[in-house]
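Have a look at the structure below before the remarks.
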Amino acid sequence: MPLWYRSDTRSLGLMQTAEAGKLDLRLMLYQHVSSSLPWGVLLVMGLKAAYGAVERWDRTVIRALVAHMEANGHTGLGVDTWPEDDKHAASPIDAVAGRFAIEHTSIDTLEGQREADVPFMKSIGCLDKQVLVPFNLTILVGWGAIKKGQDYAATCEAVKRWIVEDSPHLSWGRHEIDDVPGVPFALLVRKADNLDAGVFIGRSVGSDDTLSERIRAAIEHKAKKLAAWSNHSRVLLIESDDIALMNHVVFWEALQRAYPEGLPYGVDEIWYADTCGKWHNSPPCFMRMTNDLGVLPVEALP
């Protein structure tokens, strides 16, 4: 049974600017007000007001984790140094905060997900913002249907033309359209009059059983850097901004499969960062996934 996966233009735009280290100052600054109050989001003032410069996205997430830890039992905790800025450091991890040595990474829910997002968004992923229809029109394409090197602009125009000129004459229900001129892949279409009007673009997702293997590979790689910081509590922060397919339970299950007998040397704690809220100006959520015995039991998860 295929799942629905959807990423919108705004999401991709933020991902691209954030990963390039050019996060817009107007987006947000995460700040934990206190342990008894919810997260507050400071808009407009942004990173420049707080830190004097635009900050890389991974450092923003690390600061948010440290703020979360400070508000939950580690009074006075803050980021002390960014060892990776020291060109002479023997093992340049991302951050040191008090007794914690912190390394950050991110994980795709599906193998090659970020790479697949780019051609999708450059071709038809933005059409739901460009075309209005008085009925519900959901268009689904195969996960790998849109490939690098295709003429994205021409494909976008061809699908847009079909939506405007042909979809109004389509009967209600589900259809597979494989003969749209200028479109080198099939469209799985559902037209309905009992759902919210608009165009909804997505991709079909098959099964992917590589998540635990990829999590293990990422942890093993980062553990080598953290191992040298044995006089600290070594924290690996793993981030996902996938709003559709990932959550802390999915991550926990994959982590448990990856390490049924405990974590590798060099990693004392694993934290999961859910940052999908950045697409609608909400702060990240952090969950500690491990204790001294290894991966936490499911009943201990929040």
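FYI, it's all coordinate maths here, none of it is from the lab. This structure is a prediction, so every number in the text was calculated from the model and none was measured. Cβ: placed from backbone, ideal geometry, glycine included. Neighbour counts: every protein chain shown.
Peptide packing: for 227-234, 164-171, 196-203, the average count of neighbouring Cβ atoms within 10 Å per residue gives the ranking 196-203, 227-234, 164-171, highest mean first. Which links in 87/225; 87/222; 147/224 stretch past 23 Å when you go from one Cα to the other? Listed pairs above 23 Å: 147/224. In summary, the lysines within cross-link reach of residue 148, defined as a Cα separation below 18 angstrom excluding same-chain residues under 8 places away, comprise 122.
Remark: region 172-263 carries a charge dipole of roughly 480 debye about the Cα centre, counting +1 on each Lys and Arg Cβ and -1 on each Asp and Glu Cβ.
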